[in-house]
1. Looking only at the stretch 12-34, count how many residues are farther than 17 Å from S50 by Cβ and assigned to a strand (DSSP E or B).
2. Identify all residues within the stretch 35-50 that are under 12 Å from L65 (Cα atoms) and outside any loop (DSSP other than H, G, I, E, B); write none if there are none.
3. Could you look through the stretch 15-27, keep only residues that are at pLDDT below 95 and either closer than 22 Å to E63 by Cβ or among the charged types (D, E, K, R) (or both), and pick out the one that is surrounded by the most Cβ atoms within 10 Å (Cβ to Cβ)?
Amino acid sequence: MSFIGTQQKCKACEKTVYPVELLSADGVPYHKSCFKCSHCKGTLKLGTYSSMEGVLYCKPRFEQLFKERGNLNKNFQSHKIA
């Protein structure tokens, strides 16, 4: 019996993502350890992250960078699971 590999590549590190370490956000595969805020490098969770133009942010950094400066006219996505 042979193992059939996956073709999915992590968006952050571009290495193969195996099912046991897969985290999919907006249909984009990540390693759980690579799912981090692009600004502060803090680990993110699916229920509490924001993204703008494919870039991941934690909620505090997103608000700091975009809401306070009034840059919300860009196409952004905010994710929260209730």
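1. Qualifying residue count, the stretch 12-34: 4.
2. Listed by number, the list holds a single entry, S50.
3. For the stretch 15-27, the residue satisfying everything is A25.
Residue by residue, here is whether (1) closer than 19 Å to V28 by Cα; (2) touching a Leu at 6+ places or on another chain (Cβ under 9 Å); (3) modelled with pLDDT of 90 or more; (4) of a type in the set (V, I, T) holds:
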residue	(1), (2), (3), (4)
G42	yes, no, yes, no
G47	yes, no, no, no
S50	yes, yes, yes, no
E53	yes, no, no, no
L56	yes, yes, yes, no
K67	no, no, no, no
K80	yes, no, no, no
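The values are calculated or read from the model by the stated rules, or taken from the named source; none is laboratory data. This structure is a prediction, so every number in the text was calculated from the model and none was measured. Quick reminder, even Gly has a Cβ in these numbers, built from the backbone with ideal geometry, and neighbours come from all protein chains shown.
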